[in-house]
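S.K.: My questions will all concern the structure given below.
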DNA sequence: CGAGTAATTATGCAAGCGTATAATTGAACG
DNA sequence: CGTTCAATTATACGCTTGCATAATTACTCG
């Protein structure tokens, strides 16, 4: 007589956790952290809300896990395409990949916006952000140093760090714009702009290696 | 025996509305639209929640009013400093103002993030956004056209529009970065970067007129 | 194939949400 | 100085929220 109880399949912890994280991210991208309610997340992951508590002691815990996973995925995705024979070619490829799908993506901007204020007010989220951000910037800085060395230029460590920060800012900024206003740019336009801008900052011409994709 | 009722002062509609809008904006900057609850807004504006209903038929109405006011204020603020003898000087001043306080401001980024998803999902908010965005870009495009004419360059209307979009993107992107990571840049560093980047896009040197402030 | 147990569902609770409406009161006016 | 009325407060309602806990059920293992 209690036959109206919902049927279910047992799954491994990792699979369930990942499904919950995925549902959380897609909801945060649309509605922000506050809009990603426990009930909505459960529905999207096709489980009932009680199960969330079984894997994450609190909503905050789930949000933190989702943020960590997302930030790592973004960094990996960006560096995935950064290949080439010369350092200059690798830098150009990295820079172009940063402003090209799938890295540039309206949903990713929604996530960025949805997380921003939450990160600002939460020490543990800040830690994740700082770690990911510095990791990216350090790798970018190393690549820039290599490019300048390749080009036979003198490299002061402090100056190199400042160049990396500036390039990172331009890349991030254009990434945001590209995702926020996808219709504002023609195919490849953002790539041209970012290559020009980073080239201008570093004082070298990146356009000659760009015709690789 | 009912003496514990809260004392209050009657105020003009405009003043009260503005106070409510200000409270709304500061809360959205911190907590997003969902986090800016009617009760919290009322508390910050030092009134009781019922009064909000008296001036705005719905929370959505208040949020829309706040968004409109904020967007207009941002545009005005940016163009306020764009003065100079030559068009080139005005462009340089505008570009620098865009990445300098008070236009660049962590709270403004919080607002941007807080509003983003809400704008995406609300037609009336989208309309306000489009109007403000195109207004800004049109003024920027006119200024760029003037600069190129001043420089004796041929100006195709379509090309000019694309240049404006690109410059706008760089400006917006750096504006976002400057506000999101205020400690990442030294004094004037963002100004240098944006002047270089916009100069690179337009194919001219803006740095020579920059030493004006 | 039957028992055990971890995964999952179901239900409940206190607090907070936006909105509606009734009750008060500050200030302008004759 | 009493009247009047819009500005303001107070209260309440139905719904949603995050979290807790009890009841079930799908697999595993002997």
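The values are calculated or read from the model by the stated rules, or taken from the named source; none is laboratory data. In this text, all values refer to a predicted model and were calculated from it rather than measured experimentally. Quick reminder, even Gly has a Cβ in these numbers, built from the backbone with ideal geometry, and neighbours come from all protein chains shown.
S.K.: What about residue B:33, is it modelled with pLDDT of 95 or more, within 15 Å of DNA strand C (Cβ to nearest atom), crowded, with 19+ Cβ neighbours inside 10 Å and part of a loop (DSSP other than H, G, I, E, B)? Step through it out loud before you land on a result.
M.R.: Working: modelled with pLDDT of 95 or more: yes; within 15 Å of DNA strand C (Cβ to nearest atom): yes; crowded, with 19+ Cβ neighbours inside 10 Å: yes; part of a loop (DSSP other than H, G, I, E, B): no.
Against the criterion (modelled with pLDDT of 95 or more, within 15 Å of DNA strand C (Cβ to nearest atom), crowded, with 19+ Cβ neighbours inside 10 Å and part of a loop (DSSP other than H, G, I, E, B)), residue B:33 does not qualify.
S.K.: Among the listed residues A:16, A:39, A:34, A:22, identify the single one that is under 25 Å from residue B:118 (Cα atoms), without any contact (Cβ under 8 Å) to a residue 60 or more places away in the chain and away from DNA strand D (no atom under 11 Å from the Cβ). Spell out how you get there, then give the answer.
M.R.: Numbers: A:16 fails: under 25 Å from residue B:118 (Cα atoms); A:39 fails: away from DNA strand D (no atom under 11 Å from the Cβ); A:34 fails: away from DNA strand D (no atom under 11 Å from the Cβ).
Every option except A:22 fails the conditions.
S.K.: How many residues are modelled with pLDDT under 85, more than 10 Å from chain A (Cβ to nearest Cβ) and farther than 17 Å from residue B:82 by Cα if we restrict to region B:183-213?
M.R.: 1
S.K.: Given the condition more than 15 Å from DNA strand C (Cβ to nearest atom), part of a helix (DSSP H, G or I) and within 14 Å of chain B (Cβ to nearest Cβ), answer yes or no: does some residue in region A:79-94 qualify? First the steps, then the outcome.
M.R.: Pass one, region A:79-94, residues more than 15 Å from DNA strand C (Cβ to nearest atom): A:79-94.
Then keep just the ones that are part of a helix (DSSP H, G or I); that gives A:79-80, A:87-94.
Now narrow it down to the ones that are within 14 Å of chain B (Cβ to nearest Cβ): none.
So far as region A:79-94 goes, no, none of its residues is more than 15 Å from DNA strand C (Cβ to nearest atom), part of a helix (DSSP H, G or I) and within 14 Å of chain B (Cβ to nearest Cβ).
S.K.: Counting only residues that are within 14 Å of chain A (Cβ to nearest Cβ), closer than 30 Å to residue B:36 by Cα and assigned to a helix (DSSP H, G or I), how many does region B:95-124 have? Give the derivation first.
M.R.: Step one: list which residues in region B:95-124 are within 14 Å of chain A (Cβ to nearest Cβ), which gives B:95, B:98-99, B:104-122.
So of that shortlist, the ones also closer than 30 Å to residue B:36 by Cα come out as B:98-99, B:104-122.
Right, trim to assigned to a helix (DSSP H, G or I) and you get B:98, B:106-120.
Result for region B:95-124: 16.
To keep it simple, each residue is scored yes or no on (1) in contact with a helix residue (DSSP H, G or I) (Cβ under 7 Å, 6 or more places away or on another chain); (2) modelled with pLDDT of 95 or more; (3) in the same structural domain as residue A:186 (by TED's automatic domain parsing).
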residue: A:92; (1), (2), (3): yes, yes, yes
residue: A:95; (1), (2), (3): yes, yes, yes
residue: A:107; (1), (2), (3): yes, yes, yes
residue: A:129; (1), (2), (3): yes, yes, yes
residue: A:133; (1), (2), (3): no, no, yes
residue: A:149; (1), (2), (3): no, yes, yes
residue: A:157; (1), (2), (3): no, no, yes
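S.K.: Residues in region B:38-78 that are exposed (fewer than 14 other Cβ atoms within 10 Å of the Cβ) and not in a helix (DSSP H, G or I): how many?
M.R.: 4
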